[in-house]
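What follows is a short report on a single structure.
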Amino acid sequence: MIEIKNVTKIYNGEKNAVDNISFTVNNGEIFAFIGHNGAGKTTTIKSIVGILDFEEGDILINGKSIKKSPIECKKQMAYVPDNPDLYENMKAIDFINFICDMYEVSKEVREENINKYAKMFEMQEKLDDYISSFSHGMKQKIALIAAFVHNPDVLIMDEPFVGLDPHAIKELKAVMTELRYDECAVLISTHMLDSVEEFWDKALIMRNGQ
């Protein structure tokens with residue numbers, strides 16, 4: 001569960017990029033976070049995952065505060081940013097295993113999940129290639145595989161459909177539906193309404209930080 005409680009983020013001491021917002025994403029729920037560029041969605045997401053600090057309010061991940069218990073919160077989350085910034089000097093499989101190591105994923109689980117998601121996103125034959133050789137869409141797929149491979153309790157994605165081919169978009173929707181059944185809390189930030197409107201449980205529209 002993600003609980004946003006009266007969160008305010010101020011830039012340069014004067015602009016409220018996020019202005020006293022509150023909402024909840026329950027377990028087993030797909031939550032669409034909608035708004036134009038500059039509305040405050042990415043700032044909110046970066047606050048949720050612990051990248052940005054915020055001036056007022058609190059954010060709880062399954063009851064724990066991201067301010068007070070950042071490591072405990074991050075252990076439960078997977079985050080896919082709008083522009084995946086991966087380690088390009090690594091092979092894809094090494095990067096995914098690095099993520100598995102950080103989340104302490106067992107050998108059996110990681111092998112099963114890597115095979116499952118690499119096949120789903122048609123990346124089996126690319127896992128031994130260096131990330132520097134990948135297109136934006138391929139990097140996005142590796143970021144998605146790395147997010148799913150440790151079976152997160154909370155999944156947060158910022159514009160996940162951008163750069164993906166139609167098959168990958170279809171498979172991503174299938175994974176999100178599967179995670180919903182596994183009681184994962186899923187938050188998707190997007191401006192592509194047609195990509196999420198058929199399967200969201202709740203939608204929140206953000207405008208000018210509100």
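The values are calculated or read from the model by the stated rules, or taken from the named source; none is laboratory data. Here the structure is a predicted model, which is why all the values come from computation and not from measurement. Here the Cβ is made from the backbone with ideal geometry for all residues, glycine too, and neighbour counts use every protein chain on show. Calculation scope for accessible area: heavy atoms of the full protein, side chains included, ligands and nucleic acids excluded. Shrake-Rupley method; radii C 1.70, N 1.55, O 1.52, S 1.80 Å.
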The lone exception for F54 - which of (1) of a type outside the set (G, A, S); (2) surrounded by 20 or more Cβ atoms within 10 Å (Cβ to Cβ); (3) out of contact with any Ser or Thr (no Cβ under 6 Å at 6 or more places or on another chain) it fails: (3)
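Name the residues in region 183-194 that are touching a residue at least 12 places away in the same chain (Cβ under 8 Å) and out of contact with any strand residue (DSSP E or B) (no Cβ under 6 Å at 6 or more places or on another chain), would you? Reasoning before the result, please.
From region 183-194, those touching a residue at least 12 places away in the same chain (Cβ under 8 Å) are 183-193; that's our starting set.
Those that are touching a residue at least 12 places away in the same chain (Cβ under 8 Å) and out of contact with any strand residue (DSSP E or B) (no Cβ under 6 Å at 6 or more places or on another chain): E183, T190, H191, M192, L193.
Answer with yes or no whether I30 is β-branched (V, I, T), surrounded by fewer than 16 Cβ atoms within 10 Å (Cβ to Cβ) and at pLDDT 90 or above.
Considered against the rule, which asks whether it is β-branched (V, I, T), surrounded by fewer than 16 Cβ atoms within 10 Å (Cβ to Cβ) and at pLDDT 90 or above, I30 comes out as no.
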Tally, over region 172-188, of residues that are under 26 Å from E108 (Cβ atoms) and open to solvent by less than 10 Å² (accessible area, probe 1.4 Å): 6
Residue that is most open to solvent (accessible area, probe 1.4 Å), among those in region 6-27 that are over 18 Å from N208 (Cα atoms) and in a strand (DSSP E or B): T24
Count of region 57-91 residues which are among the aliphatic types (A, V, I, L, M) and open to solvent by 60 Å² or more (accessible area, probe 1.4 Å): 1
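Is there a residue being charged (D, E, K, R) and either in a strand (DSSP E or B) or touching a His at 6+ places or on another chain (Cβ under 8 Å) (or both) anywhere in region 187-201?
Step one: list which residues in region 187-201 are charged (D, E, K, R), which gives 194, 197-198, 201.
Filter again for either in a strand (DSSP E or B) or touching a His at 6+ places or on another chain (Cβ under 8 Å) (or both), leaving none.
No.
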